[in-house]
Amino acid sequence: MKKEGKLIVVSGPSGAGKGTVLKELLDNHEDFVCSVSATTRAPRTGDEDGVNYFFISKEQFLQQIEQNGFLEYAVYNNNFYGTPRKFVEEKLAAGKNVILEIEVQGALQIKKLFPGAVFIFITPESFEVLCDRLRSRGTESEDIIENRLAIAKKEAPNALLYDYIIVNRDGKVKEAADEILACVKAESLKPLANRDIIATYFE
Ligand code: 5GP
């Protein structure tokens with residue numbers, strides 16, 4: 001029987017470069033896949049339905065909750081976000097490592113359901129660097145940037161709930177992706193992840 005893949009939860013502030021690090025990992029490791037969430041928020045410029053998110057109505061979202069279609073879901077900034085259950089369960093069963101890029105309320109739900117999941121918080125090396133990065137992108141208004149920074153400050157203590165913190169330094173995306181691999185490796189060596197081996201002693 002194929003060994004189940006690992007579930008990996010990745011969170012971190014907007015501007016931490018989570019997307020870039022995950023792309024580096026996914027492009028180079030075909031045993032990793034990323035789940036595409038469903039959301040009721042409106043698409044932003046550049047967002048593609050089915051790629052960045054499945055953009056659905058609130059009615060559709062509530063219906064999927066009723067049908068137990070989500071592994072977890074949360075309300076964030078007045079919008080619903082949820083992880084489609086079927087994709088994740090199928091990929092894990094097929095031995096793929098599945099990445100969920102979600103916020104902390106969802107991460108806590110996953111922790112209850114999958115105690116063996118790996119929880120990773122990605123951040124720049126300091127709040128100052130985060131401020132610089134968001135401003136130098138030049139894509140958002142100062143209002144939006146201020147709002148993102150305020151959210152990042154409020155959510156920073158949640159990092160302590162995660163298993164690992166990865167610092168995504170400027171120009172060091174590969175290093176950050178390699179550290180995700182190292183976290184997954186470390187987790188796979190834990191005794192609880194290897195109960196089947198210990199069980200063979202008693203067969
Ligand atoms: P954004 O609207 O900026 O794309 O995402 C807002 C927040 O929602 C981010 O922190 C993102 O990680 C989180 N998020 C995206 N998809 C999901 C999901 O399926 N479940 C949960 N709980 N959070 C999600």
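The values are calculated or read from the model by the stated rules, or taken from the named source; none is laboratory data. Values in this document were obtained by computation on a predicted structure and should not be read as measured data. Cβ: placed from backbone, ideal geometry, glycine included. Neighbour counts: every protein chain shown. Please note that ligands, DNA and RNA were not included when accessible areas were found on the heavy atoms of the full protein model with its side chains. Shrake-Rupley method; radii C 1.70, N 1.55, O 1.52, S 1.80 Å.
Listed by chain and number, the aspartates and glutamates whose C-alpha is less than 19 Å from the C-alpha of residue 112, apart from same-chain residues fewer than 8 away, are 4, 72, 89, 101, 103, 163, 187. For the range 1-58, the solvent-accessible area with a 1.4 angstrom probe is 55 square angstrom per residue. FRET efficiency for the residue 68 to residue 161 pair, using the beta carbon distance and R₀ = 30 Å, is estimated at 0.75. In this view, the solvent-accessible surface of residue 45, computed with a 1.4 Å probe and all protein chains in place, comes to about 150 Å².
Just the number, please: carbon plus sulfur as a percent of the accessible area of the chain, 1.4 Å probe, no ligands or DNA/RNA counted. The partial results should precede the final answer.
Values: 6490 of 12050 Å².
Result for the chain: 54 percent of the exposed heavy-atom area is carbon or sulfur.
The value of relative contact order for the range 11-56, using C-alpha pairs under 8 Å at least six residues apart, is 28 percent. When the range 28-164 is described by a simple charge dipole with +1 on each Lys and Arg Cβ and -1 on each Asp and Glu Cβ, the residue from 160, 95, 68 located farthest towards its positive end is 68. One Cα centroid belongs to the range 1-33, the other to the range 56-105; the line between them spans 16 Å.
A straight line joining the Cα centroids of the range 153-203 and the range 107-137 runs 13 Å.
Helix-derived [θ] at 222 nm for the chain: sum -39500 (n - 2.57) over DSSP H runs of at least 4, divide by residue count, nearest 500?
Dividing the helical sum by the residues of the chain leaves -12500 deg cm²/dmol.
Comparing 153, 111, 18 in a Gaussian network model of the chain where C-alpha atoms under 10 Å apart are linked, the largest mean-square fluctuation is found at 153. For the range 1-108, the number of Lys pairs with C-alpha atoms closer than 22 Å, counting only pairs eight or more positions apart or on separate chains, is 17. Which percent, to the nearest 5, of DSSP beta bridges fully inside the chain are antiparallel? Bridges in the chain that DSSP calls antiparallel: roughly 30 percent. State, as an integer percentage, the relative contact order of the range 99-203 based on alpha-carbon contacts under 8 Å between residues 6 or more apart. Relative contact order for the range 99-203 comes out at 33 percent.
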